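Below you'll find the structure, written out as structure tokens, and then a few comments.
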Amino acid sequence: MSRTLRLATLAVGALLIVSACSSGATATPTPTAAPSSAAPSGSASSAPSTTAAASPTTAITVPAGQLIFDGKLVVCSDIPYPPQEFFDAQGNPIGSDIEIAQEIAKRLGLTAVIQNSVFDTIILAVTGGKCDIIVSAQNINPDRVKQVDMIPYFQAGQSFVVAKGNPKGIKTSDDLCGNVVGVESGTTELDYLQGTGDYKGQGLSAACTVKGKPAITIKTFQKDSDALLALQAGQVNAYFADSPVAGYYTVQHPDQFELSGVTLAVAREGISVSKDHTGLRDAVQATLVSMIDDGTYLNILKKYGDDAGAITSDVAKQLNQSK
């Protein structure tokens, strides 16, 4: 996923145990208010969250027949992945991705419905009609753009989190050799480790064996929060995630975690839309451009400490472009 704030007061273990148990959805959406601050918490809820629609602030509209439900924008997001998507103390989804999605819905005159999803099946959710769009820190890559159209909205690098004091001395990619690394399934981080997808033939584990070093042992988890929990429990030696997320955990829990110093290339992330819904895609893209141009987009990112990953409106217009 290449998908930065969360948990300020609760122990990360308790947070992750709670959030990892959340399911995808309930049948009836529960109305919630838009978050007023980025103060995070560990409570999780499996119910989709809605925010009240306001009068559209632009002339952009979605053509008839492009939405699952009239008047609603159903947004799939894999929660938790702070600070882009996580839960507040009441179990409501918040984060920079969530607020970007909510603002897009508001400007289109729609009610945002946030649907908690599993990342490695999230594209099937949008192509199968379970949600209208995906906003979930997805890297734009060739495999994904074969299935959906992706509107650039953010960019992030990839980093490794280790236990405080870096007991395994992981400071370069070679230091990963022979270690156990935890990662969420379905992500570009997993591809990078095992040499698949965008990284076919150039995986980090294979690079170890080519040099005569032991391979990396890769442990995958269905939820990103479970991979971090495994690091906390000493089951893995490093946790691999997008740099904003990795940095968030180390800042919030400096007594438990630190960055290893191994940071990999920056990649664009995209909002995914079914290729059958070009009218919706174009409306979302135009709305995002308007948010960037009037400063709303940057203000949302600053609220969550994500502004280093901001893009320009020119980049947002580059459909399906990873760089």
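The values are calculated or read from the model by the stated rules, or taken from the named source; none is laboratory data. All values reported here derive from a predicted model rather than from experimental measurement. A quick note on method: Cβ atoms are made from the backbone with ideal geometry, for glycine too, and the neighbour counts reach across all protein chains shown.
Numbers below:
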{"read-out": "Verdict on GLY305 being touching a strand residue (DSSP E or B) at 6+ places or on another chain (Cβ under 8 Å) and either assigned to a strand (DSSP E or B) or within 30 Å of PRO167 (Cα to Cα) (or both)", "value": "no"}
{"read-out": "Those residues of the range 160-174 which are at negative phi and in a loop (DSSP other than H, G, I, E, B), in sequence order", "value": "LYS164, PRO167, LYS168, ILE170, LYS171, THR172"}
{"read-out": "Options ALA156, ALA137: the member that is surrounded by 24 or more Cβ atoms within 10 Å (Cβ to Cβ), part of a strand (DSSP E or B) and modelled with pLDDT under 95", "value": "ALA156"}
{"read-out": "Matching option when the condition is touching a Cys at 6+ places or on another chain (Cβ under 8 Å), basic (Lys, Arg) and in the same structural domain as SER260 (by TED's automatic domain parsing), among LYS164, LYS211", "value": "LYS211"}
{"read-out": "Among the candidates THR111, THR58, residue that is closer than 23 Å to SER274 by Cβ, modelled with pLDDT under 95 and hydroxyl-bearing (Ser, Thr, Tyr)", "value": "THR58"}
{"read-out": "Candidates PHE221, PHE160, PHE240, filtered to the one that is aromatic (Phe, Trp, Tyr) and out of contact with any Phe, Trp or Tyr (no Cβ under 8 Å at 6 or more places or on another chain)", "value": "PHE221"}
{"read-out": "Residue, surrounded by the most Cβ atoms within 10 Å (Cβ to Cβ), within the range 178-204, restricted to residues that are farther than 16 Å from TYR239 by Cβ and hydroxyl-bearing (Ser, Thr, Tyr)", "value": "TYR199"}
{"read-out": "Residue within the range 260-274 that is surrounded by fewer than 23 Cβ atoms within 10 Å (Cβ to Cβ), under 22 Å from VAL126 (Cβ atoms) and more than 15 Å from the chain's Cα centre (by Cα) present", "value": "yes"}
{"read-out": "Candidates ASP70, ASP120, ASP78, filtered to the one that is at negative phi and modelled with pLDDT under 95", "value": "ASP120"}
{"read-out": "Selection count, the range 308-323, where residues are part of a helix (DSSP H, G or I) and surrounded by fewer than 17 Cβ atoms within 10 Å (Cβ to Cβ)", "value": "3"}
{"read-out": "The range 289-301 residues that are under 14 Å from LYS317 (Cβ atoms), paired with ones that are among the aromatic types (Phe, Trp, Tyr) (beta carbon under 7 Å, 6 or more apart)", "value": "MET291/TYR297"}
{"read-out": "Matching residues in the range 64-116 - criterion: being among the β-branched types (Val, Ile, Thr) and more than 18 Å from the chain's Cα centre (by Cα)", "value": "ILE68, THR111"}
{"read-out": "Yes/no for TYR239 being at pLDDT below 95 and not assigned by TED's automatic domain parsing to the domain that holds ASN116", "value": "no"}
{"read-out": "The lone exception for SER225 - which of (1) of a type outside the set (A, V, I, L, M); (2) part of a helix (DSSP H, G or I); (3) touching a Lys or Arg at 6+ places or on another chain (Cβ under 6 Å) it fails", "value": "(3)"}
{"read-out": "Residue selected from the range 209-235 under the condition farther than 21 Å from PHE86 by Cβ and of a type in the set (A, V, I, L, M), by the criterion surrounded by the fewest Cβ atoms within 10 Å (Cβ to Cβ)", "value": "VAL210"}
{"read-out": "Criterion violated by ALA207 - all others in (1) in a helix (DSSP H, G or I); (2) at pLDDT 95 or above; (3) under 30 Å from THR312 (Cβ atoms) satisfied", "value": "(3)"}
{"read-out": "Residue count for the range 140-153, restricted to those that are surrounded by 18 or more Cβ atoms within 10 Å (Cβ to Cβ) and not in a strand (DSSP E or B)", "value": "3"}
